[in-house]
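Notes for the one structure printed next.
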Amino acid sequence: MTGTLTMLTALPAVGAIVAGFSGKRARWVAMAVSLIALVATLWVWFSVGASGQMAFVERAIWVPDLGIEYHLGVDGLGALMLVLSALVTLISVSASRSVKQQPGLYFGLVLLLESGLFGTFTALNFFHWFIYWELSLIPAFFLIRLWGGPRRGPAATQFFVYTMVGSVAMLLAFLAIFVATGGMDFIALAHFAATGELHRLIEAHLGHVELLLACGVLLGFAVKVPLMPFHTWLPDAYSEAPTAITILLTGAMSKMGVYGLLRIALPIFGKELFAMRSELLALAVLTVVAGAWAAVVQKDLKRIFAYSSINHLGYCLLALFAVLLPAAGDPARMLSVSAALDGAILQIFNHGLTAATIFWFLCMLEERSGGTLSLDTFGGLRKRVPILCGLMGIALFSSLGLPGLNGFVGEFLIFRGVFPLSWQSATVSVLGLLITAAVILTVIQRVFSGPLSTHWSAMPDLTLTERIAVAPALILMLLLGLVPQIILGVINPTVLHLIDGWRF
Amino acid sequence: MTSPMIPVSSSDAASMAWIVRNLWLIPILPMVASGLIALLPQPRRKPAATLAIGALLISFLLAVTAFAHVLMNWSSGGPTREMVSFDWLTFGSATLQMGWVLDPLAAIMLVMVTFVGSLIFIYSTGYMSHDENFTRFFCFLALFAGGMLGVLIANSLLLLFMCWEIVGLTSYLLIGFWYHKPSAAAAAKKAFLTTRVGDIFFLLGMVWLFAQTGTLLFYNHGAGAIEPTALATLLGHHAAWGLSAAGAIGLLIFAGAAGKSGQLPLHVWLPDAMEGPTPVSALIHAATMVAAGVYLVARVYPLMSAGAGPGTTTASLTVVAWVGAATALFGALVAVAQFDIKRILAYSTVSQLGYMMVGLATGGVAVGIFHLITHAFFKALLFLGAGSVIHGCHEEQDIRRMGGLRAQMPITFAAYTVGMLALSGFPIFFSGFWSKDAIVGAAHHWPVSQGPFWMLLLGALLTAFYMMRQVGYVFLGSWRGHGHAHESPAVMTIPLLVLAFFAIALGVLGTPAWPWFTAFLDGHSLVFDLAGFREPGLVPMMLLASTLVFVALGVGWRLYVAQANRADTDPDVLQRVSPRVFGWLESRLYFDELYQATILRAYALLAAFAAWLDRQFWGGIVASISSGFRALGRCNRSMDSQWIDGGFDKGCEELTTAGGVLAWLQAGRAPSYLRTLTIGLLILLAVILMAASITGQVKL
């Protein structure tokens, strides 16, 4: 059906306007819209099928003189990102129960953000892709700035400026590409890159600037994911944002960076990134290990899981940088590359689901604790709120990478892929698994176990509604842990199709 | 030393026996029971216990059926290894298969775990009867049983690893079962993390094996990862330090096994694990889970022993032997100077697991696994006996405050004595004698070194001694505790008696005259032949081992029974002889303190460093860059306010009157960012237009 993706992207935007004018009922509007969006994205996911090709393609000449074409399409990767965005938005809306100030504006911005995410994951031309990329940033900024914690001002500014710097670098790089080639279509550029034509054109028009351009594009994505050392905005932004918005930041927005690397940076600048492979791998390993280690000393639950998110996305970066090797004609290497990429994409989804659920539980805890999420104030909660602790425990163990839950499969495939490609970085990165486990078990020990503080002796356990609400997320974790083929069956053909066109 | 050559069945699923096709039911039933119990409301005690015990009993019947199936195939000379595989996931052009296997090793272990497990489940209904979280206890126990049985039937290293981790999780949950005790919560965390240290090596070994051989199935009709074709590839591939890939992978996997089985230097978690309820200590931290590491080494034995010829061994097995021997001696030494009834048994378990490792490394699968099985019975017996004692003494665990319990607790005493004699290796009548003697004998014939042999002999001497000491303190002498001790109810004592029977009877399976165990596991035929005793050196070895046991029991009797302490404040006899040495042993040779001072310190320092790097270093760089930009921004501002603000503010005013929303935003600094963005988009358009004019509208 033509126009599906446009309509899908427009749906939350329209919903945002409706929500903006519905005052106190805005949450129900947002809930309904994000639910419909989830159903629609699921439909897209199931229709994409296992061909690995782009589906739902929409093309229309937009600004012919500038080579700007309205080009949309999703493959398995895009469709998975759509489902994840819709799911995470729904979780965020469900978790935003205690928004009292300006609910209309709040939920309007949330839906606008969802629209930006949908646009980013479906656009195939840089021009409107970039608009969506920036469009998602603005609502996020205001949501942090207006509804955040006590230090929200500096946090929001830092978040905005930092991301903006990355975006500007990327924008400049693409303008240069446009100058050289006259086009900004991702698919066409990737094809150009594979044949060497891109390289030739850039050399002819601009001289030896490929590496610079690659760095510009990389910077835009490295900030978003983030790759250390471009991450310093993240802990503040995640901890100062309202917890329900942190769900969106970590569950969906951080994935834009990984998606961009896969869809844009690697296919177009693979050769240049290959030249920087060792340095990039070193940074990815740093992200994995230092991210986990920095979480150890944090005292606030949101900051702990902010650093833990850096660590988890570090595995994706590890996989993406490890595959920067010429693999064509070497079946063993090809297999490792596809394992690493399958794992990375699975990890994107799993981390999105798990992190969103963990922050959701933090929301519920926050509501019950009167706003504090400081590690030291809790203890022994299992006695008083066993169901909250038990269910949150499932999400925590998924984050820890316990086999049988979703987190493990992605990490296993990433290590399966990365080990033969770069055993050194794989060997150091496993430390991250150990430290993450230590961090999460410490959280359980300090929050759930020990004697119950009298302070919390009246804390209410999860209501039936809350239990029913979180149950699907937890069931999905178990399902994906046991039957990962549900996702891999669609992702794997996409990955094969992707790497088929890559030339490093 | 040669790997057993077991005939393999055809892959035709239809011709396969029902039990082979449905072997998965054995682990799934307890898991399902666990899930159902989790959904039960807390006070439902009876349904919870019924579900857990019922599921495990059905699993036991299935395990017996499976065992009988293998036994019949074996006696008829048919194939004794059958497997079923299924696709789990696809990546690239490859399919990752998992599956289960039924062979003598799996069959024996299945019967042992389901049987001992059922007894301990039943015992737990008595032991935990007053606990408010009774339902949750059975939920975790059943999940444990499912995971453990999954480890046993896995025909894939990955499936084994997954179940292995589930077992680790339940161990964590059950050690920390009394979560309100900070010590229990800390011990649970320590157990999980210490075993995970081994597991990350295990994971690396697994991905390496997978990358090299392209499969993680153990057996797959010649295409499995530990079958000759794959092993030849692995042997031909050289890793570092003169190791082949097979050797390196074997060592990595052994690191995982060492973590789970409490081998040096990863043993520190096991004694602390005694914070869990005693049935948990018996089932998980004595009989089954801690033996999973031994089982893993046995399962991948073809890999560990790949490349070994007659009279030689491999690098990985050499490491296994030395680590095992060191652990066996260390555990026995430390057990001599403990006062907590469960900690003595815990160090004894550490020590005995070391024996099993040496048995595997020097004598092969059958030698190690025979001791695993006999140990499972007598150590479960000892732990349940200890539980009965603790229960009877009102939760007292210090052996100095017990004494003379033989009178109050006759059944427990009788059963405990059987377990103690079996563990000590009392000659002829007890299973421990035969299984331990086989290990000591194998170590004696080990071509590399006699070191492990002497260490094991010394360990055997100490074992008999510390068990005599414990029994002397607990059951003999006079009562030094408070209150009045009582015998436990029948639901607790009957499992003890059943276990005691097997602690004696299992010995017949592994005598030199009728080595049923070896024959069954290695797939040989079996005959009863007293000539087995005439093997050179065998009888002198048995005499030597027996003499050591008698001497140790005698010395123990003299020190702890003949001159038993009168009061709970009296120092230990050995403490009086050499307070210094006793202090070292009582402090477990300062392993925990050493780790605290080195590894944990480094961990904390690195964490602080990572946080510093984050805040001060990267943050500082960002701060200085941004202050530079701020200076630039100030120059820019005058220009901004001149012409851009004018138009923007006007637009805002219009919106303000319309919605009344942005008026509120105006209060913050928000508009300046909107302004930045507007400028950005304007620049974008301008540059695109310029660029288009430069390039002369080249189109893609």
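A short reminder: the numbers here are calculations on the coordinates, not readings from a lab. Predicted model only: the values in this text are computed from it and were never measured. Positions of Cβ are generated from backbone atoms using ideal geometry, with glycine treated the same way; all protein chains shown enter the neighbour counts.
At residue A:53 and residue A:35, where each label point lies 7 Å from the Cα along Cα→Cβ, what is the point-to-point distance in nanometres? Computed distance between label sites residue A:53 and residue A:35 equals 3.7 nm. Ranking B:307, A:232, B:203 by Cα position along the charge dipole of the protein assembly as shown, where only Lys, Arg, Asp and Glu carry charges on their C-beta atoms, puts A:232 farthest toward the positive end. Rounded to the nearest 0.05, the FRET efficiency derived from the C-beta distance between residue B:547 and residue B:58 at R0 = 41 Å is 0.30.
For chain B, the mean residue ellipticity at 222 nm estimated from helices alone is -21500 deg cm²/dmol, where every DSSP H run of n ≥ 4 contributes -39500 (n - 2.57) and the total is divided by all residues, rounded to the nearest 500. The Cα center of the stretch B:271-308 and the Cα center of the stretch A:1-79 differ in position by 53 Å.
In this structure, the pairs whose alpha-carbon distance is over 19 Å, taken from A:255/A:299; A:302/B:189; B:379/B:436; B:190/B:379; A:383/B:342, are A:255/A:299; A:302/B:189; B:190/B:379; A:383/B:342. Separation of the stretch B:539-613 from the stretch A:417-469 is 34 Å, based on Cα centroids. Computed over chain A, the per-residue total of -39500 (n - 2.57) for DSSP H runs of n ≥ 4 gives a 222 nm mean residue ellipticity of -24500 deg cm²/dmol, rounded to 500. For chain A, the longest principal axis of the Cα atoms and the long axis of helix A:186-195 meet at an angle of about 50 degrees. Look at the dipole of the stretch A:94-215 built from charges on Cβ: of A:168, A:184, A:136, the Cα furthest out on the positive end belongs to A:136. Just check the stretch A:1-65 against the gyration tensor rule for me: Cα atoms, a ≥ b ≥ c as the square roots of the eigenvalues, rounded for a/c under 1.5, and otherwise prolate or oblate depending on whether a/b exceeds b/c. It is oblate, given that a/c is not under 1.5 and a/b is not larger than b/c. One Cα centroid belongs to the stretch B:164-207, the other to the stretch A:170-240; the line between them spans 44 Å.
Would you work out if the stretch A:189-328 is rounded, prolate or oblate? Take a ≥ b ≥ c from the square roots of the eigenvalues of the alpha-carbon gyration tensor; rounded if a/c is under 1.5, else prolate when a/b is larger than b/c, oblate otherwise. Prolate, because a/c is 1.5 or more and a/b exceeds b/c.
Taking a straight Cα-Cα cut-off under 12 Å and skipping sequence neighbours fewer than 8 places away in the same chain, the aspartates and glutamates within cross-link reach of residue A:271 are A:210. Among beta bridges from DSSP that stay inside the protein assembly as shown, the antiparallel ones total about 95%.
Computed 3J(HN,Hα) for the stretch A:422-438, one whole-Hz value per residue from the Karplus formula 6.51 cos²θ - 1.76 cosθ + 1.60 where θ = phi - 60°, is 7, 5, 5, 5, 5, 5, 6, 5, 4, 4, x, 4, 5, 5, 4, 4, 4, glycine and proline marked x. For the stretch A:413-504, a/c is not less than 1.5, where a ≥ b ≥ c are the root eigenvalues of the C-alpha gyration tensor, and a/b does not top b/c. That puts it in the oblate class. Taking amide H atoms as placed 1.01 Å from N in the peptide plane, the amide H of residue B:244 lies under 5 Å from those of B:239, each 5 or more residues away in sequence or on another chain.
A simple spin-label model places the labels of residue A:282 and residue B:505 6.7 nm from each other, with each point 7 Å out along Cα-to-Cβ. With R₀ fixed at 30 Å, the C-beta to C-beta distance from residue A:131 to residue A:299 puts the FRET efficiency at about 0.15. Remark: A:39, B:491 ranked as A:39, B:491, counting other beta-carbon atoms within 10 Å and listing the fewest first. Along the stretch A:327-332 the Karplus relation, 6.51 cos²θ - 1.76 cosθ + 1.60 evaluated at θ = phi - 60°, assigns HN-Hα couplings of 10, 4, x, 10, x, 5 Hz to successive residues, with x for each Gly and Pro.
Going from the residue with the fewest nearby Cβ atoms within 10 Å to the one with the most, B:124, B:578, B:525 rank B:525, B:578, B:124. Relative intensity of the protein assembly as shown on a log10 scale, I(q)/I(0) at q = 0.07, 0.09 Å⁻¹, equals -0.71, -1.08, per a Debye sum over C-alpha point scatterers of equal strength in the absence of solvent. Here the calculated FRET efficiency for residue B:598 and residue A:332, from their Cβ-Cβ distance with R0 = 51 Å, stands at 0.80, rounded to the nearest 0.05. Panel order for A:368, B:136, by other beta carbons found within 10 Å of each beta carbon, from fewest to most: A:368, B:136.
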